[in-house]
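The values are calculated or read from the model by the stated rules, or taken from the named source; none is laboratory data. Small disclaimer: the values here were computed from a predicted structure and weren't measured. Glycine gets a Cβ as well: all are built from the backbone with ideal geometry, and neighbour counts include every protein chain shown. Surface accessibility is based on the protein's heavy atoms, side chains included, excluding ligands, DNA and RNA. Shrake-Rupley method; radii C 1.70, N 1.55, O 1.52, S 1.80 Å.
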Amino acid sequence: MRSLPLFHRIAGQPVVVLGEGAMAEPKRRLVARAGGRVVTDMQSGIDEGARLAFVAHDDAAMCEADAIRLRCAGLLVNVVDRPDLCDFTTPSLLERDPVLIAIGTSGASAGLAKQLRLRLETLLPADVGHLAQALEAARGAIRSRFPQMSARRRALDDALAAGGPLDPLMAGSADRIGEWLGGAAEPEGEGVHDFTLSSDDPDDLTLRQARLLGAADAVLADPGVPPAILARARADAARLTLPYRDEMPAGLVVVLRLA
């Protein structure tokens, strides 16, 4: 990845926005939309402990000078329309509160990010935010039904997968949580699943291989398995290299071998 995507909580916090006119105003609206407090004076923002800053002057030299001063004061800086001067970029946002999808291109093309967002708008049900809220409300019941974290995670993966009872791309999924909990089967058991890869293309993974890889607690792989395939695993899954001679890890383990 060229950038690390993060969601910053700025409600009630100062955010520096410098500049006037067409480039600065959208940034002020964006900060306000996320609950932040816009500060238009650099020194005041620094003194108040701001952590983020947007610079949107018409003058390029002024943008560069202010970006240096802000960065030296410890702030992360976004200079509008100057990705080379940015510590962070602002994505195109698709919002279904509390679901928030951010689409970015690391500053390569804001137009592309926007068009991808518009396409996704047509795919995402208007009530997907209700599903997120209902899952949060049912957290205790889900934990009671699946006490083990690994089983709970796999059960939710199965329910939220394409065609599952809580498929987020199907309208009305929030209303099916109680029914799902009442009849939810135990997820595929913990153990070792040994796969021989047919190619080095992640798109050639079978549906079962991709599903188990995405749910695995640990992945054991031949040294030559491409990073693009390993990237399909959970980010917090243990990554181990074959041959592996220690005790096999607990939980759901996927072994990837080259043909």
Distance (nanometres) between label positions extended 7 Å along Cα→Cβ at Ala110 and Ala32:
1.8 nm
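What accessible area per residue, rounded to a whole number of Å², is obtained for the chain using a probe radius of 1.4 Å? Let's see the in-between values first.
Working: 14980 Å² over 259 residues.
Per residue, the chain has an accessible area of 58 Å².
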I want to check the label-to-label distance for Asp97 and Glu25. Put each point 7 Å from Cα in the C-beta direction and report it in nm to one decimal.
2.4 nm
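Which order do Met149, Met23, Met62 take when ranked by solvent-accessible area (1.4 Å probe, heavy atoms of all protein chains), largest first? Write down the numbers at each step before the final one.
On the way: Met149 130, Met23 65, Met62 85 Å².
Descending order: Met149, Met62, Met23.
Quick one: if the Förster radius is 51 Å, what FRET efficiency do Asp200 and Thr40 give, using the C-beta to C-beta distance and rounding to 0.05? Can you show the working numbers first?
Numbers: r = 52 Å, r/R0 = 1.02.
Between Asp200 and Thr40 the formula returns 0.45.
Compute the FRET efficiency between Leu123 and Arg232 as 1/(1 + (r/R0)^6), taking r as their Cβ-Cβ distance and R0 = 30 Å, and round to the nearest 0.05. Spell out each step's value before the answer.
Working: r = 21 Å, r/R0 = 0.70.
Rounded to the nearest 0.05, the efficiency is 0.90.
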Name the longest site-free stretch of the chain, where the excluded sites are trypsin sites (Lys or Arg not before Pro) in a DSSP loop with no more than 12 other beta-carbon atoms within 10 Å.
10-244
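From Cα pairs below 8 angstrom and at least 6 apart in sequence, can you work out the relative contact order of the range 103-231, rounded to a whole percent? Numbers along the way, then the final one.
Values: 84 pairs, mean separation 26.8, N = 129.
21 percent.
With a ≥ b ≥ c taken as the square roots of the eigenvalues of the C-alpha gyration tensor of the range 1-153, please select rounded if a/c is under 1.5 and otherwise prolate if a/b is larger than b/c or oblate if it is not? Show your work: numbers first, answer last.
Working: a/c = 2.38, a/b = 1.80, b/c = 1.32.
Because a/c hits 1.5 or more and a/b exceeds b/c, the range 1-153 counts as prolate.
For the range 14-118, what % of the accessible area comes from carbon and sulfur atoms, probe 1.4 Å?
On the way: 2980 of 5540 Å².
Of the solvent-accessible surface of the range 14-118, carbon and sulfur hold 54 percent.
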Given R₀ = 41 Å, FRET efficiency for Gln133-Ala61 by Cβ-Cβ distance, to 0.05?
0.30
Which whole number in µm²/s is D for the chain by Stokes-Einstein, with the Kirkwood Rh taken over Cα pairs at 25 °C and 0.890 mPa s?
113 µm²/s
Ellipticity estimate at 222 nm from DSSP helix runs (n ≥ 4, -39,500 (n - 2.57)) divided over the chain, nearest 500:
-10000 deg cm²/dmol
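What number, in percent, do you get for the relative contact order of the range 2-48 if the mean sequence gap of Cα pairs under 8 Å and at least 6 apart is divided by its residue count? Mind showing how you got there, number by number?
On the way: 49 pairs, mean separation 21.1, N = 47.
It comes to 45 percent, rounded to a whole number.
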Cα extents of the range 180-259 per principal axis, largest first, Å, are 44, 31, 21
Given 0.36 nm per residue, what is the gain on full extension from Cys72 to Arg9 after removing their alpha carbon distance, in nm?
20.4 nm
Which residue fluctuates most in the GNM of the chain (Cα springs below 10 Å): Ser199, Ser106, Ser173?
Ser199
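Under the definition of Cα pairs under 8 Å and six or more residues apart, what whole-number percent is the relative contact order of the chain? It would help to have the intermediate numbers written out before the result.
On the way: 378 pairs, mean separation 29.1, N = 259.
Normalised by residue count, the contact order of the chain is 11 percent.
Report the antiparallel proportion of the DSSP beta bridges in the range 1-133 as a percent, rounded to a multiple of 5.
Values: 5 of 15 bridges.
Bridges in the range 1-133 are about 35 percent antiparallel.
Percent antiparallel among DSSP beta bridges with both residues in the chain, to the nearest 5? Can you show the working numbers first?
Numbers: 5 of 30 bridges.
Looking only at bridges with both residues in the chain, the antiparallel portion is about 15 percent.
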What nm distance separates the two modelled labels at Glu190 and Arg245, each placed 7 Å from Cα along Cα→Cβ?
2.6 nm
